[in-house]
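To keep things clear, I will list the structure first and then write my remarks on it.
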Amino acid sequence: MNNSNSSLSGEQTKSCRVWTDDSDRFSVNKIAALRHNFHEHPLFQVAKLAQLAKELVPFKKCRFIRPGISQASSFTHDSEHPDGRGINEVFRHIEEPGSWVALYNIEVIPRYADLLASIVDTMRPYVEREQPGIFNVNGFVFISAPPSVTPFHIDRENNFWLQLHGRKTMNVWDHTDRVVVPAEAVEDFIVGHSLRKVRFKEEFRQRSHQFETQPGDGVYFPSTSPHMTSSGPGWARPGDGVSISIGVTFYTSVTRRMACVHQVNRLMRKMQMSPAFPGESAAADALKAPVGMFVGMARSSLSRMIAPLRGVKLQAKAPPGSF
């Protein structure tokens, strides 16, 4: 990017923000509708995102899902396009029905790391009055042509989800809803990185908060809130047939502490006990958290010691939300 374009993006960033209609009632522990104007930012236009995608290819951060996936499918994705298309060809055909590409961890590109930080900073005072210590801000851009979906899943991080172009339906559930995702499924995800027990059933839909979004709309939801998206073809027009959203995710001192509690709860559940879910008992959480930190670190170290003996290739680094 030349200096004039960089200056333009910097000036545009200063005028962009995220807000909620009632900031006094905003809670980092609850789902909330948001508004924003980051869809106007130069770096979030399709041509700039296509350039970003090319820069992410060497990092294997462009992800694809298989054709015919549904909201009830497992959320698996791959760095290779199912038809073998290169990234340039993907964007040449991006308005074809069902096209789908996700740009993961866009913060590895410095200008986007700065942009993500500016998004979080606009809401930082409201987050840190309840959950201080924001760290590891990541960005995930989802680009698709309807009909398309993002399957039902949960994340470790808190999430500012913003619709940038086109339209999309977001369904998100309270992170405390144990009917939709049982406690042991959350623990398996936080501790074991497995979504195997996180599965959508149609009867869950009525329990969700449903948001019909267009550019300028957004949703905040806490760590481990189940969510999924869909985009129908009714709004699409030639030259305006792509739906783009971004998840700006982050950890806090609280999400880290809750992950430590999950470590202990998982052990207790294996011993046929029924532990209190994180957040249900402040006293129990205070006892479990330091133990969970030790357990998580010990488990990670042990896994790395025995992995070569089992011929297993581990992740380069356990997510900070694991312990």
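The values are calculated or read from the model by the stated rules, or taken from the named source; none is laboratory data. Worth saying up front: this structure is predicted, and the values here are computed from it rather than measured. Methodologically, a virtual Cβ is constructed for each residue, glycine included, from the backbone with ideal geometry; neighbour enumeration extends over all protein chains shown.
Can you find even one residue in region 182-189 that is without any contact (Cβ under 8 Å) to a residue 24 or more places away in the chain, part of a strand (DSSP E or B) and out of contact with any strand residue (DSSP E or B) (no Cβ under 6 Å at 6 or more places or on another chain)?
no
When only residues in region 54-71 that are under 18 Å from the mean Cα position of the chain (by Cα) and surrounded by 14 or more Cβ atoms within 10 Å (Cβ to Cβ) count, which is farthest from Ser230 (Cα to Cα)?
Result: Leu56.
Give Glu89, Glu95 a once-over and let me know the one that is closer than 27 Å to Gly239 by Cβ and in contact (Cβ under 8 Å) with a residue 40 or more places away in the chain.
Glu95
What are the residues in region 194-232 that are free of Cβ contacts under 8 Å to residues at least 60 places away in the same chain and within 24 Å of Leu164 (Cα to Cα), if any?
Of everything in region 194-232, those that are free of Cβ contacts under 8 Å to residues at least 60 places away in the same chain and within 24 Å of Leu164 (Cα to Cα) turn out to be Ser208, Gln210, Glu212, Thr213, Gln214.
Looking at region 71-92, can you tell me whether even one residue there is modelled with pLDDT of 95 or more and of a type in the set (Phe, Trp, Tyr)?
Within region 71-92, one or more residues are modelled with pLDDT of 95 or more and of a type in the set (Phe, Trp, Tyr).
Looking at region 6-64, which of its residues are touching a residue at least 60 places away in the same chain (Cβ under 8 Å), in a helix (DSSP H, G or I) and in contact with a strand residue (DSSP E or B) (Cβ under 8 Å, 6 or more places away or on another chain)?
Listed by number, the residues that qualify are Phe38, His39, Phe44, Val46, Leu49, Leu52.
Looking at region 109-122, can you tell me whether even one residue there is acidic (Asp, Glu) and assigned to a loop (DSSP other than H, G, I, E, B)?
no
Restricting to region 115-150, what's the tally of residues that are more than 18 Å from the chain's Cα centre (by Cα) and under 16 Å from Phe44 (Cβ atoms)?
1
Do any residues in region 113-137 that are more than 16 Å from Ser253 (Cβ to Cβ) have Cβ atoms under 7 Å from those of residues that are of a type in the set (Lys, Arg), where the two are at least six apart or on different chains, and which pairs are they?
Thr122/Arg17
Need the failing condition index for Ser301 against (1) modelled with pLDDT of 95 or more; (2) assigned to a helix (DSSP H, G or I); (3) of a type in the set (Ser, Thr, Tyr), just the number.
Failing condition for Ser301: (1).
What are the residues in region 228-248 that are closer than 22 Å to Ser27 by Cα and either surrounded by 24 or more Cβ atoms within 10 Å (Cβ to Cβ) or at pLDDT below 95 (or both), if any?
Passing the criteria: Ile246, Val248.
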